[in-house]
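Single-structure report; data block below.
Every read-out reported here was derived from the displayed coordinates using simple, explicitly stated rules and does not represent laboratory data. Please read these numbers as outputs of a predicted model, since none were measured by experiment. Cβ: placed from backbone, ideal geometry, glycine included. Neighbour counts: every protein chain shown.
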Amino acid sequence: MKKPELLAPAGDLNKLKIALLYGADAVYIGGKQFSLRSAASNFSLEDIKEGVLFAHYYSKKVYVVVNIIFHNDNLVGLKEYLDELSEIRVDGIICADMVVVDTIKKYHINLNYHISTQQSITNSYAIKFYKNLGASRVVLAREISFDQLKELKENTDIELEYFVHGAMCVAYSGRCMLSNYYSKRDSNRGGCSQSCRWNYQLFNDDNEISNKDNYFTMSSKDLNLASYLYLLIASGIDSLKIEGRMKSIYYLATVVSSYRNIIDEYLANGIEQVRDFNIDNLNKAANRATGNGFIDGYHYEDIQLYNNREEHPTKEFIGLVLDSDGEYLKIEQRNNFKVNDDVELFGPNKEFYSFKVMEIFDENKNSIEVAPHPQQIIYLKFDKKVSPYSMLRKVIS
Amino acid sequence: MSKLLIDLYDFDSINDYLALNIKSFIINLQEFSTEKTLNVFLEQVEIINDLDDEIELFINLDRLYYNDDFNSLSSILKKLNKLKIRKLIINDAGVVELIKELGLKFELINGSNTLNTNYQTIEFLSNYYRGFYLSNEINLNEILKIRDNTNAMLMVQVFGKQLMFSSKRKLLTSYFQFHHLDLIDFNSQNPLIIKDLNDINNKSYIYEDSNGTYVTTYKNVNALDYLYDFIVNDIDYLYLSNLFIDRNSYLRVVNIFSSLLEQTINLDMAKSMFKDVNLEVSSSFLNDETVFNLEDIKKMEGI
């Protein structure tokens, strides 16, 4: 059975390394220009170069998103940027605006290009259109069901990419201007203010239908297709995509490693049932309720968020392991923790340990009771060597 | 010379517009287009098409399609071809490919209201499309720069509600079901209104059809002040939407635009007549710009 690519987001170089080390086969990243998610740190050309070197060193891939919808003024510098990406030898770019395809073709720039989900590709004819334009892959619309996906895969001979995890646009991607009209922030150029998640009063003429307990919102649940992975793999899908270039390193490590485990366990042993451990892990990283999206048809309110639309950022991630020598773990603190807390350590090489924090040491190895400061360097006694980029999380009962 | 392109309410209303010498109409086809004020079946297209030799119909097939839709789509395209309909407005690149496969010849208009934002894209896509509906979110200077750099047929909306959002999800049905509310009509004939809880100025119409949910502006774009620029720069079609506007008001608005275009009234007279129609209007993005860089966003929001 064909092993699909596990494709993860990376908002900066550190996240790129973490996503790849935790099991992604490829990452997608944004440069400083021409990329949606203006609030993400994004990559300088130097960072992209280093990221590509890192990925290729481990036989993995880097795709660069060039996915804004260009206005006239944005066209300046596009050719030069694409030339640079080609020179850096990125494995492909993901584009939404056909000006990018035009520029690549016109100047014979050596770049693979994938067509973004912003083009809302929902049928075999549209796939053929983009294939004829020279695309090597299309990212399918999130509105596609599994049955439709299967049929598309059977009827096309270019790579298909499908979203399996993360936040979803409630509109057809690229076809929403709420942010533009409501806050003057251009959603198709990276400025989306997520107006769909706001609360609205709903009126029929002058009569209000909503009240303070049931304001109208267009907020979507996040996507979580972990339990459908065996079906997706069996369909021959080429790439399974995780959303979230602005997500934290903890989110990335948790989600990527869970999906890595699920894919590998299915391919190795044919296990269709997702282990509770992986489900728990995914739930720990979630900061919003999740659903199945459109994969098994469309189930109306099941994929919407109503009364429970608040985000719940996790406080479980307490530290990033910078180093370990078999005696101490050197840790950069990320959330408050203290002596006697129960914690779990997990790492890129599938390390997993549970233990109680018996003693904490500051940078000068003085014993302290709590680690209160973000990014404070601290030490914990630990008699095993673990991989750099391992993470500590608090067990919250 | 720029032409006005308008919507219909019913078959009878076409005579009102023919009397104003307006002969370009957008016709929404049941099941194949996003529902608007009037949605007709193919047989009715034939009747309109036969009314006057100079009538120019733009058949709107602006839905996104799934594989299941393509048999009926093929059939409708063949019938439209037989009726000698030439102009189709589409939103799905799959339709371009299907028409190629069927060996049919149409003038295709790329009807995306969010993706046609620069001249180079339009020039490139002119290999596949004859015309382009320019995105509502670009300003006058951007429109004129596109005109300067392409020979493609261009359409700009000069009046009416602007589409802001389309989703496959039945957002109103879901909301009513989730909260166990009695269902009411919320289709293109009976839209509901949403108001942002934190900013009353953010107010829109919302409605559903069998393919999903749509949000439009509450106010009507009114481009009277920009009409000279559009005409003198040869923007081919100036579109006036009738969505959620009563028949009489729409006819009066079309008459004003038509008279200005025909130079039988001047701009001041047009504006004065427009005031009497008493509709809420805005210039939308025509003299405005959106921001997208983080620094610009912070500056705008005073962060």
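Each Lys or Arg adds one and each Asp or Glu subtracts one; over the other residues with Cβ under 15 Å from the Cβ of A:Arg275, this totals -2. With Cα atoms as the point set, the radius of gyration and Dmax of segment B:162-217 evaluate to 11.3, 31 Å. For segment A:317-394, the spread of Cα positions along the three principal axes, ordered from largest to smallest, is 29, 21, 20 Å. Once backbone amide H atoms are built at 1.01 Å from N, B:Glu289 has no partners under 5 Å, excluding neighbours fewer than 5 places away on the same chain. Any idea what % of Cα-Cα pairs in segment A:1-139 are farther than 18 Å? Beyond 18 Å sits 54 percent of the P(r) for segment A:1-139.
Please state the shape class of chain B: rounded when a/c is under 1.5, otherwise prolate if a/b exceeds b/c and oblate if not, all from the C-alpha gyration tensor. Rounded, since a/c falls under 1.5. Computed from backbone phi with θ = phi - 60° and the Karplus coefficients 6.51, -1.76 and 1.60, the 3J(HN,Hα) list for segment B:235-246 is 5, 5, 10, 10, 8, 10, 8, 9, 4, 6, 10, 6 Hz; x is used for glycine and proline. The mean number of Cβ atoms from other chains found within 10 Å of a Cβ in peptide A:189-199 is 4, as a whole number. Remark: segment A:231-297 is approximated by an ellipsoid whose semi-axes, taken from the C-alpha gyration tensor as √(5λ), come to 20, 15, 13 Å, largest first.
Net charge near A:Asn42: determine it from the other residues with C-beta under 9 Å of the C-beta of A:Asn42, scoring Lys and Arg +1 and Asp and Glu -1.
Values: positive: A:Lys32, A:Arg37, A:Arg245; negative: A:Asp12, A:Asp47.
Local net charge: +1.
Highest mean packing first, where packing is the average number of other Cβ atoms within 10 Å per residue, the peptides A:317-327, B:182-192, A:85-95 line up as A:85-95, A:317-327, B:182-192. Sorted largest first, the spans of the alpha carbon positions of segment A:124-280 along the three principal axes are 59, 44, 29 Å.
For B:Met155, A:Met218, B:Met273, which order do you get if you count the other beta carbons within 10 Å of each Cβ and list the fewest first?
Details: B:Met155 24, A:Met218 28, B:Met273 17.
By the 10 Å Cβ count, ascending, the order reads B:Met273, B:Met155, A:Met218.
Note on A:165-173: average number of Cβ atoms from other chains within 10 Å of each residue's Cβ is 3.
Counting only lysines at least 8 places from A:Lys105 when in the same chain, those with an alpha carbon closer than 16 Å to its own are A:Lys79, A:Lys131.
Computed from backbone phi, the HN-Hα couplings of segment B:25-41 come to 10, 8, 10, 8, 9, 3, 6, 10, 9, 4, 4, 10, 5, 10, 10, 10, 8 Hz, rounded to whole numbers (Karplus: 6.51 cos²θ - 1.76 cosθ + 1.60, θ = phi - 60°; Gly and Pro given as x). Pairs spanning more than 28 Å between alpha-carbon atoms, out of A:Lys61/B:Lys298; A:Lys3/A:Lys394; B:Lys3/B:Lys168; A:Lys15/A:Lys385; A:Lys32/A:Lys247: A:Lys61/B:Lys298; A:Lys3/A:Lys394; B:Lys3/B:Lys168.
Return the equivalent ellipsoid semi-axes of chain A as a descending list in whole Å, where each equals the square root of 5 times an eigenvalue of the C-alpha gyration tensor.
Working: eigenvalues 248, 143, 100 Å².
Three semi-axes, in Å: 35, 27, 22.
Expressed in Å, the radius of gyration and Dmax of the Cα atoms of segment A:74-207 are 17.7, 61.
Less than 14 Å Cβ to Cβ from B:Thr150, Lys/Arg counted +1 and Asp/Glu -1: what total charge do the surrounding residues give? Before the final figure, lay out each step's value.
Values: positive: B:Arg130, B:Lys145, B:Arg147; negative: A:Asp102, B:Glu123, B:Glu142, B:Asp148, B:Asp234, B:Asp236.
Taking every other residue near B:Thr150 into account, the sum is -3.
A cut-off of 5 Å between modelled amide H atoms, ignoring neighbours fewer than 5 places along the same chain, links A:Ser220 with A:Leu305. Scattering from the C-alpha atoms of segment A:216-352 alone, worked out with Debye: what is log10 I(q)/I(0) at q = 0.11, 0.13, 0.20 1/Å? Listed by q, the Debye log ratios stand at -0.51, -0.69, -1.31. For the protein assembly as shown, the mean projected area of the C-alpha convex hull, equal to one quarter of the hull surface, is 32.0 nm².
Computed over every Cα-Cα pair of segment B:117-272 and binned at 10 Å starting from 0, the pair-distance distribution P(r) comes out as 10, 30, 31, 22, 7, 1 percent. Normalised by residue count, segment A:137-228 yields a Cα convex hull volume of 149 Å³ per residue.
Amide H contacts for B:Ser282 (H built 1.01 Å from N in the peptide plane; partners 5 or more residues away or on another chain; cut-off under 5 Å): B:Asn220, B:Val221, B:Asn222. Ordered by the number of other Cβ atoms lying within 10 Å of each residue's own Cβ, fewest first, A:Ile396, B:Ile6, A:Ile237 fall into the sequence A:Ile396, A:Ile237, B:Ile6.
Axis of helix A:78-88 versus longest Cα principal axis of chain A: the two differ by about 50°, to the nearest ten degrees. Per-residue Karplus couplings for segment A:250-259, computed as 6.51 cos²θ - 1.76 cosθ + 1.60 with θ equal to phi - 60°, are listed in order as 5, 4, 4, 4, 5, 5, 4, 5, 5, 5 Hz, Gly and Pro entered as x. Note on A:142-149: average number of Cβ atoms from other chains within 10 Å of each residue's Cβ is 2.
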